[in-house]
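Trainee: Below you will find the structure I want to go over with you.
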Amino acid sequence: MKLIHKATLINEGRSFTGSVLIEGERISKIFENDVPENILQRCSEVTDARGLYLIPGVIDDQVHFRDPGLTHKGDIATESRAAVAGGVTSYMEMPNTNPQTVTIAALDDKFELASQKSVANYSFYLGATNDNFKELLKVDKKNVCGVKVFMGASTGNMLVDNAKTLQQIFAEVDLLIATHCEKEDIIRENAEVYKKQFGEDIPIKYHPLIRSAEACYQSSAQAVELADKYGSRLHVLHLSTAREMSLFDNFPLKDKKITSEVCVHHLWFTDEDYARLGARIKWNPAVKTRSDRDALREALKSGKMDIIATDHAPHLPHEKEGGCLKAASGGPLVQHSLQAMLELSLQGIYSKEFVIEKMCHAPAALFRIKNRGYIREGYFADLVLVNPAKPYTVGKNNLLYKCGWSPFEGETFSHTVEKTFVNGDLVFDGGKIIDTTFGKALTFER
């Protein structure tokens, strides 16, 4: 037995001093008062957690770990280690790898790969294309997080732009449909305007004007319209504009069939940061204006948006060079997402309890993940200890991403992740990875 002793538990809207007993993979007892002496004596490990926050492990529903086929950028081994160093104990990974995860066989291969490499828990999306509808119907919804539909991002043959195929997916796929929403024809038209002015070397500051608010809104509106028409279970990923907020309701999460996600970079950066960081903050959808960022922050608070994720998508530094048309889109974030959000709590934008709700509890509830996302007796012991009084400066010396850089380099956060437990095993401790055990495939109560 292991005991995490006298921590400040942040869980289900409360903060209180308590202790958590771990037996095997699970939480066996939560003590709000003193721990009985006979329990203390039976524990093989006691972690003195006074002054530390104890939270459920973060669940990130959107990452790109680049495995298989793009492993020069990152892989399941390296990026899952960066994840647990940031307090992320479970992730859901995207299908635009090489080969693309668009068949059940490719999906099974990825689960097998993770079982041998991932120190965090995992699930994987099956990707939709214009011609793999029959594969989508074979997905086991108890063991797969969802189907991913690129409704406007040209990613090889994964752009689903056939109206009949989209209709079939929304009408007949009995699983969560996660969408990337940007309208491709608007993006192309905008790009041509700036090509006439700058040629092929369009400055990076025009990225949010090419992949514009209108491109996002029209595509998101189409997805919501289809979901409304067919009663689909829709989850719209990485919303980035104020205008899109009009498409969503602030009902309780349990009552929603249409849900949404916001990413850390859209809550943190604005288009003012392109001058300082250039393509390091180039994502699709683009980081947009301060007013967009503020609207996203408020919509999250009001319940119009449901969860916080990262869209972690590493590229090597040379791949991020160039302007709008040349620099790769995406960046590494899983190691610092929790710290960034806790920083916003210190700034008074959110409470720390709210951050835990949107990063831990809500993803578990939204995807109906079995026995994770909360500090509850009988649940898996996916737990994180955070020191709120120990500043942490992001630098080359402490990055675990394979790509070797972060848009947060030089940033000093007020909190440090001290320890991370996955399924009861200590996998990160004082800056060091302990990779003697592997995570488990997530299961879903559907």
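Trainee: Would you pick out the residues in the stretch 159-214 that are part of a loop (DSSP other than H, G, I, E, B), under 22 Å from G330 (Cα atoms) and in contact with a strand residue (DSSP E or B) (Cβ under 7 Å, 6 or more places away or on another chain)?
Mentor: Within the stretch 159-214, V160, C181 meet the criteria.
Trainee: Of all residues in the stretch 361-384 being of a type in the set (A, V, I, L, M, F, W, C) and more than 16 Å from A120 (Cβ to Cβ), which is most open to solvent (accessible area, probe 1.4 Å)?
Mentor: So in the stretch 361-384, the residues of a type in the set (A, V, I, L, M, F, W, C) come out as 362, 364-367, 369, 375, 380-381, 383-384.
Imposing the further condition that a residue be more than 16 Å from A120 (Cβ to Cβ) reduces the set to 362, 365-366, 375.
Numbers: A362: 2, A365: 48, L366: 12, I375: 5 Å².
Here the answer is A365.
Trainee: OK, next. Only one of S19, S80, S44 is among the small types (G, A, S) and open to solvent by 50 Å² or more (accessible area, probe 1.4 Å); which? Please lay out each step first, then the result.
Mentor: Numbers: S19 fails: open to solvent by 50 Å² or more (accessible area, probe 1.4 Å); S80 fails: open to solvent by 50 Å² or more (accessible area, probe 1.4 Å).
Of the residues listed, the single one that is among the small types (G, A, S) and open to solvent by 50 Å² or more (accessible area, probe 1.4 Å) is S44.
Trainee: Quickly run through the stretch 57-78 and pick out the residues that are outside any loop (DSSP other than H, G, I, E, B) and either over 19 Å from C145 (Cα atoms) or over 15 Å from the mean Cα position of the chain (by Cα) (or both).
Mentor: Residues of the stretch 57-78 outside any loop (DSSP other than H, G, I, E, B): 58-63, 76-78.
Those that are outside any loop (DSSP other than H, G, I, E, B) and either over 19 Å from C145 (Cα atoms) or over 15 Å from the mean Cα position of the chain (by Cα) (or both): A77, T78.
Trainee: Could you pull out the residue among S406, S414 that is among the hydroxyl-bearing types (S, T, Y), open to solvent by less than 10 Å² (accessible area, probe 1.4 Å) and touching a residue at least 60 places away in the same chain (Cβ under 8 Å)? Break it down into steps so the answer makes sense when it comes.
Mentor: Numbers: S414 fails: open to solvent by less than 10 Å² (accessible area, probe 1.4 Å).
So the residue among S406, S414 that is among the hydroxyl-bearing types (S, T, Y), open to solvent by less than 10 Å² (accessible area, probe 1.4 Å) and touching a residue at least 60 places away in the same chain (Cβ under 8 Å) is S406.
Trainee: Still on this structure: Could you check the stretch 55-81 and list, in sequence order, the residues that are in contact with a Gly (Cβ under 8 Å, 6 or more places away or on another chain) and at negative phi?
Mentor: I55, P56, G57, V58, I59, H64, F65, D67, S80
Trainee: What is the residue count in the stretch 284-328 for residues that are assigned to a loop (DSSP other than H, G, I, E, B) and touching a Ser or Thr at 6+ places or on another chain (Cβ under 7 Å)?
Mentor: Matching residues across the stretch 284-328 total 9.
Trainee: Can you name every residue in the stretch 95-121 that is open to solvent by less than 10 Å² (accessible area, probe 1.4 Å) and touching a strand residue (DSSP E or B) at 6+ places or on another chain (Cβ under 6 Å)?
Mentor: P95, T101, L107, K110, A114, V119, A120, N121
Trainee: Only residues that are surrounded by fewer than 23 Cβ atoms within 10 Å (Cβ to Cβ) and within 21 Å of G199 (Cβ to Cβ): list them for the stretch 321-339, please.
Mentor: Matches in the stretch 321-339: E321, G322, G323, L325, K326, A327, A328, S329.
Trainee: Quickly run through the stretch 234-257 and pick out the residues that are among the charged types (D, E, K, R) and within 15 Å of P285 (Cα to Cα).
Mentor: R243, E244
Trainee: Can you give me the number of residues within the stretch 215-232 that are in a helix (DSSP H, G or I), open to solvent by less than 30 Å² (accessible area, probe 1.4 Å) and of a type in the set (S, T, N, Q)?
Mentor: Result for the stretch 215-232: 2.
Trainee: Could you count how many residues in the stretch 81-109 are closer than 20 Å to Y401 by Cβ and either over 20 Å from the mean Cα position of the chain (by Cα) or not aromatic (F, W, Y) (or both)?
Mentor: 16
The values are calculated or read from the model by the stated rules, or taken from the named source; none is laboratory data. Owing to the predicted nature of the structure, the values given are computational and were not obtained by experimental measurement. Using ideal geometry, Cβ is built from the backbone for each residue, glycine included, and neighbour counts are taken over all protein chains shown. SASA here: full protein model, heavy atoms, side chains in, ligands and nucleic acids out. Shrake-Rupley method; radii C 1.70, N 1.55, O 1.52, S 1.80 Å.
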